[in-house]
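The structure appears right after this line, and notes come after that.
The values are calculated or read from the model by the stated rules, or taken from the named source; none is laboratory data. All values reported here derive from a predicted model rather than from experimental measurement. Neighbour counts run over all protein chains shown; Cβ positions are idealised from the backbone, glycine included. The accessibility values were calculated without ligands, DNA or RNA, using every heavy atom of the protein model including side chains. Shrake-Rupley method; radii C 1.70, N 1.55, O 1.52, S 1.80 Å.
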Amino acid sequence: MKVGIDIHAVGKQQTGNETYIRNLVGNLIGIDSDNTDYHLFYTHDDKLVVDERVEQTQIYPHQSVFRIPFVFPYQLRKQKIDVAHFQYVVPPVMKCPTVVMIHDISYEYHPEYFNPFECKRMKLLIPFSARKSEHVLTVSEYSKQQIMQKYHIPEDKITVTYNGVNEQFCVLPSDADGYKCLTRFSFNKPFILAVGNLQPRKNIERLIRAYSKLRASGKIDLDLVLVGQVRWGGKAIFDEVETLGVKNNIHITGYVTDEELVALYNKATLFAYPSLYEGFGLPLIEAMACGTPVISSNASCLPEVGGDAAHYIDPYSERGMMDALELVANNSIVRKQLIQKGFERASDFSWKRTAEKTLRVFEEVVASC
């Protein structure tokens with residue numbers, strides 16, 4: 001069986017999409033290098049460092065308007081691919097069957113969180129891709145139910161393959177060299193950490209307001225570190241920091257490497273994830289694996305992912321957010337309980353299991369076509 005995989009997300013700092021494809025490919029090759037050939041299709045100069053026996057082809061031109069409908073069908077036919085894997089959007093005409101990963105369809109339920117043009121594009125192309133593909137993958141039961149209901153996809157056509165935790169997300173010794181990467185940042189006080197692209201659905205503005213009130217009242221003495229790239233609507237977060245006068249205590253890092261992220265999780269007093277909508281919420285279990293107590297929104301899939309290992313809040317309640325931050329920041333017993341439960345919960349998620357389930361889907365699709 002020859003599997004073609006679109007890896008255009010690699011090197012684009014696309015956070016969850018890139019993390020998914022890197023770990024999926026690495027583990028697929030690790031578990032099935034004898035019976036399956038993998039051919040990776042990349043754009044720009046962003047190859048994956050993998051076994052030299054794995055073929056890789058650069059796609060020209062790289063723009064999606066050409067790459068998806070024209071270049072991919074040609075290349076997949078040329079390389080004699082048996083099944084092709086894409087994220088979100090598949091070519092409209094294909095010789096081989098396709099498997100599409102749709103992480104979530106938040107744009108359908110919360111279009112206000114997206115650039116209007118991009119929202120219209122996704123509403124047009126992604127449901128088409130779900131119906132066109134032989135099989136749909138997604139990352140949570142929550143997302144599966146939404147895809148079924150919104151796009152009328154049969155349940156047996158959708159498989160949930162949870163995300164995993166990369167082994168580098170772990171507890172670092174206090175004197176580990178892994179902390180040296182943080183020297184480029186100017187903050188050195190204990191801090192609350194929040195991770196995710198800076199956009200409206202991450203609910204960072206409400207977190208900033210809750211944090212500023214707690215700090216003003218003297219109930220916490222922690223800085224707030226926000227990790228993530230600015231996306232559509234993200235400028236309002238900077239405006240909120242300026243308006244509330246807390247910019248000396250709030251640090252916005254932009255994009256960070258995995259090495260830096262591991263060190264930040266380890267250094268954080270607690271991790272806050274107040275998101276209004278997620279398909280999976282990978283930072284939740286990454287923080288748990290690093291021994292960081294987690295405060296999480298109770299919205300969308302997050303209780304499904306976090307289990308009993310997070311302190312949940314109503315993401316629309318500023319008061320609830322304040323109470324949770326104060327409790328977890330100041331109560332060492334609560335923190336220890338969350339840390340222990342977090343280790344146990346994070347161990348349930350493995351990229352190897354993700355790859356094994358994905359491989360079974362490839363095999364079933366090829367066998368049925």
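A few comments on the model shown:
- Whole-number percent relative contact order across the chain, with pairs defined as alpha carbons under 8 Å at least 6 apart: 17
- Lys123-Glu259 FRET efficiency (beta carbon distance; Förster radius 30 Å; 0.05 resolution): 0.20
- Where segment 231-312 is the region considered: accessible area per residue in Å², 1.4 Å probe: 32
- Listed residues Ile29, Ile295, Ile147, most fluctuating in the chain (Gaussian network, C-alpha, under 10 Å): Ile29
- Selection from Asn266, Asn331, Val100, by position along the positive dipole direction of the chain (Cβ): Val100
- Segment 1-152 - Debye-derived log10 I(q)/I(0), Cα point model, q = 0.14, 0.15 Å⁻¹: -0.70, -0.80
- Flagged links, alpha-carbon separation over 21 Å, of Lys144/Lys357; Lys132/Lys352; Lys202/Lys247; Lys213/Lys267: Lys132/Lys352; Lys213/Lys267
- Stokes-Einstein translational diffusion, the chain - Kirkwood Rh over all Cα pairs, 0.890 mPa s, 25 °C, in µm²/s: 114
- With q set to 0.12 Å⁻¹, the log10 of I(q)/I(0) for segment 52-127, from the Debye formula over equal scatterers at the Cα positions, is -0.41.
- Of the residues Ser174, Ile31, Pro116, the one whose Cα sits farthest towards the positive end of the charge dipole of the chain is Pro116 (charges of +1 on Lys and Arg Cβ, -1 on Asp and Glu Cβ, taken about the Cα centre).
- With all pairs of different C-alpha atoms in the average, the Kirkwood value for the hydrodynamic radius of segment 119-216 is 18.1 Å.
- Part-to-part distance (alpha-carbon centres) for segment 129-149 and segment 303-321, which is given in Å: 25
- Computed on the Cα atoms alone, the convex hull of segment 207-265 gives a volume of 84 cubic angstrom per residue.
- Couplings 3J(HN,Hα) for segment 56-65, derived from phi with the Karplus relation 6.51 cos²θ - 1.76 cosθ + 1.60 (θ = phi - 60°), are 9, 10, 7, 9, 10, x, 8, 4, 4, 5 Hz, where x marks Gly and Pro.
- Note on segment 219-314: semi-axes of the ellipsoid equivalent to its C-alpha gyration tensor, largest first and rounded to whole Å, are 22, 16, 14.
- Cα extents for segment 155-289 along the principal axes, largest to smallest and rounded to whole angstrom: 52, 39, 25.
- Cα Rg, Dmax, segment 74-165, angstrom units: 13.7, 42
- Summing Cβ point charges (Lys, Arg +1; Asp, Glu -1) relative to the Cα centre of segment 256-369 gives a dipole of roughly 280 debye.
- The distance separating the Cα centre of segment 189-252 from that of segment 83-116 comes to 31 Å.
- Residues with amide H under 5 Å from that of His135, placed H, sequence gap 5 or more: Thr98, Val100
- Whole-number percent relative contact order across segment 141-285, with pairs defined as alpha carbons under 8 Å at least 6 apart: 34
- Toward the positive end of the charge dipole of segment 89-214, with +1 on the Cβ of Lys and Arg and -1 on the Cβ of Asp and Glu, the farthest Cα among Ser133, Ile158, Tyr211 is that of Tyr211.
- Segment 305-366 has equivalent-ellipsoid semi-axes of 36, 16, 6 Å, by the square roots of 5 times the alpha carbon gyration tensor eigenvalues, sorted largest first.
- Accessible-area composition of the chain, carbon plus sulfur, in percent [1.4 Å probe]: 50
- Given +1 at the Cβ of Lys and Arg, -1 at the Cβ of Asp and Glu and no other charges, the dipole of segment 180-240 around its Cα centre is 120 debye to the nearest 20.
- Gaussian network model of the chain, Cα within-10 Å springs - most flexible of Asp258, Asp348, Asp239: Asp239
- Here the dipole of the chain is about 780 debye; that uses its Cα centre as origin and unit charges on the Cβ of Lys and Arg (positive) and Asp and Glu (negative).
- Fraction of alpha-carbon pairs over 25 Å apart in segment 244-369 - percent: 33
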